[in-house]
Amino acid sequence: MTIHPSQVTTLASANQGKLICVGTGLQLAGQIGVLSLSYIEHADVVFSLVPDGFSERWLMSLNADVRSLQVYYAQHDEIKNRRDTYAEMINAVLDEVRLGKLVVCALYGHPGVFACVAHLSIKQARAEGYDASMLPGISAEACLWADLGIDPGNSGHQSFEATQFMLYHHVPDPTTHLLLWQIALAGEHTLTQFSTTEARLQVLVEHLSQWYPLNHQVIIYEAANLPFQSPVIARISLSALPEARLTTISTLLIPPASQITLNHEMLAKLGITALDIG
């Protein structure tokens, strides 16, 4: 599916800008939707937030005006709250929408998963009366299930951002898969750092030991960004997590520690027996 050049005037006129947030997927050029690709090609300006120079140059091959949002992050030894960074990114995007342009914000993975810039930009654009929408992309979670050969439908799964899991009263179900995102930032609440500490990870391990034995095998996962790379799949014991090698894209998967059991009260209400389940 492509957008014919004659249709561009219906997407963004001289008087009315439009914002489309798209996901580029995890692997360079190979996991982006056809519609998202068309929007990138026909945009007046493309803002990008992708993980490497290969992805940036690929976007530049599709559109003559690609502007990286990476420049708004803290540089070198600068200490900068990420809320300020995100506000600057959103302002940069909206400034172009206000000029009546078709603006695309191309974000790594899925633009709506751990990507507040897309959500906040769309919210602000709509508040100002502009048309704004999001197109999905292949997320790290989608790659995780494929790379690990797990069907989350077999026992279900729960998913939390690691620091939020620590700070709030989330209660995991040890009969399901538990995903903890941004594990390399576990316990980091200032929004000024891009790493955690062994001490904070030890606190997380102690917290998780309420539901999982310390020798329970967990997986540190990182999706591959480039076609010649392989995903990182490191299997360690829960107790070894504080010493594990982590990066900003590491995700912690904790497999079920116990089997799901039948709810016999519900079976009775439904008129089903255990033998019917198989």
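The values are calculated or read from the model by the stated rules, or taken from the named source; none is laboratory data. What you see is a predicted model, and the numbers here were worked out from it, not measured in a lab. Virtual Cβ from ideal backbone geometry, glycine too; neighbours counted across all protein chains shown. These area figures cover heavy atoms from the full protein model, side chains too; ligands, DNA and RNA do not enter into them. Shrake-Rupley method; radii C 1.70, N 1.55, O 1.52, S 1.80 Å.
General remarks:
- Test: residue in region 171-183 that is open to solvent by 40 Å² or more (accessible area, probe 1.4 Å), within 28 Å of E78 (Cα to Cα) and either in a strand (DSSP E or B) or touching a helix residue (DSSP H, G or I) at 6+ places or on another chain (Cβ under 6 Å) (or both): yes
- Looking only at region 24-55, and only at residues there that are more than 18 Å from E96 (Cα to Cα) and touching a strand residue (DSSP E or B) at 6+ places or on another chain (Cβ under 6 Å), the one that is surrounded by the most Cβ atoms within 10 Å (Cβ to Cβ): T24
- Qualifying residue in region 93-111 (condition: within 27 Å of Q31 (Cα to Cα), open to solvent by 50 Å² or more (accessible area, probe 1.4 Å) and basic (K, R)): yes
- In region 113-136, the qualifying residues are those that are among the small types (G, A, S) and modelled with pLDDT of 95 or more, and the one that is most open to solvent (accessible area, probe 1.4 Å) is A127.
- Which numbered condition N225 fails, given (1) among the polar types (S, T, N, Q); (2) surrounded by 16 or more Cβ atoms within 10 Å (Cβ to Cβ); (3) closer than 26 Å to T24 by Cβ; (4) without any contact (Cβ under 8 Å) to a residue 40 or more places away in the chain: (4)
- Residues that are open to solvent by 60 Å² or more (accessible area, probe 1.4 Å) and either touching a Ser or Thr at 6+ places or on another chain (Cβ under 7 Å) or charged (D, E, K, R) (or both) within region 145-169 comprise D147, D151, H157, listed in sequence order.
- Test: residue in region 59-69 that is under 26 Å from A224 (Cα atoms), of a type outside the set (A, V, I, L, M), outside any helix (DSSP H, G or I) and open to solvent by 70 Å² or more (accessible area, probe 1.4 Å): yes
- Taken as a whole, the condition of being open to solvent by 20 Å² or more (accessible area, probe 1.4 Å) and not in a helix (DSSP H, G or I) applies to D77.
- Close Cβ contacts (under 8 Å, 6 or more residues apart or on different chains) running from residues in region 233-247 that are at negative phi to residues that are in a strand (DSSP E or B) and charged (D, E, K, R) comprise T247/E222.
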